[in-house]
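Input: a single structure, listed below in structure tokens.
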């Protein structure tokens, strides 16, 4: 009994740490692959005259399945608000979303019969491909970047990183007191640096060419080469603190870059998804009422 209980506990732990891609031993990958093979086989074996197209009975079947699948997958955004366990847990739903979403490439392409043109039908297909590609990007970043963020932070939280900058600024204010008025003004530029003022493109780059601390550090290092002995020690102490601040700022910018990469795809994936639904609606209406 004890051995059986230990095995059950081990299975529960393994399930808790199992990622959505590996959910239930790749169950949804297997289902999506099986469906794709089934549709491809049907496309190859079913004879449609004169050729496969979206208006054939098989094309209508694939189109209906694809449209319903798109609407079902869109519901994931609402499903995220309900955290549950079991067969239809958030993890199971996300796994189904990923793999069935990838199978749409097969379903949608076969539905077109490989016939494309400058029309709303091809537009709907192109938007579908863009949604899927942006989804693939989301899978990659959500599977790899959280670990990179954890490594970059060196076990520090965001609040701790900000606190480290605050403490360095206080030390800089104290260390700069023996300096000349001109050197103190340079240090003041470093104290005005705000790593969170960056826009989306600067956050994605992970750097800031207009960094006040970096500019002040270059200026003080240049002055250090011509400093007389009396002020050299004070300048050296300030330069060392600003070097430490530069490293702390870079850690924050790297964390911001990773988070921006995690978030930015949603600004593409979600709007294109709604554009796809709109184009799909026009596509369906035009086919049934004007085709």
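The values are calculated or read from the model by the stated rules, or taken from the named source; none is laboratory data. All figures in this text were calculated on a predicted structure; none of them were measured in a lab. Backbone-built Cβ (ideal geometry, glycine too); neighbour counts: all protein chains shown.
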Assess whether residue 82 counts as being under 23 Å from residue 270 (Cβ atoms), modelled with pLDDT under 95 and not in a helix (DSSP H, G or I). yes
Restricting attention to segment 205-220, does a residue exist that is crowded, with 17+ Cβ neighbours inside 10 Å, over 38 Å from the mean Cα position of the chain (by Cα), assigned by TED's automatic domain parsing to the domain that holds residue 168 and farther than 23 Å from residue 259 by Cα? yes
Since residue 107 meets every condition but one in (1) more than 21 Å from the chain's Cα centre (by Cα); (2) surrounded by fewer than 18 Cβ atoms within 10 Å (Cβ to Cβ); (3) at pLDDT 85 or above, which condition does it not meet? (2)
Among residues of segment 34-63, those that are within 20 Å of residue 99 (Cβ to Cβ) and free of Cβ contacts under 8 Å to residues at least 12 places away in the same chain, counted: 4
Checking the structure you have, find out if any residue of segment 221-238 is within 24 Å of residue 158 (Cβ to Cβ), surrounded by 12 or more Cβ atoms within 10 Å (Cβ to Cβ) and assigned by TED's automatic domain parsing to the domain that holds residue 141. no
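For (1) within 24 Å of residue 69 (Cβ to Cβ); (2) touching a strand residue (DSSP E or B) at 6+ places or on another chain (Cβ under 8 Å); (3) modelled with pLDDT under 75; (4) part of a loop (DSSP other than H, G, I, E, B), each residue gets a yes or a no:
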| position | (1), (2), (3), (4) |
| --- | --- |
| 122 | yes, no, no, no |
| 127 | yes, no, no, no |
| 131 | yes, no, no, no |
| 135 | yes, no, no, no |
| 140 | yes, no, no, no |
| 147 | no, no, yes, no |
| 150 | no, no, yes, no |
| 155 | no, no, yes, yes |
| 160 | no, no, no, no |
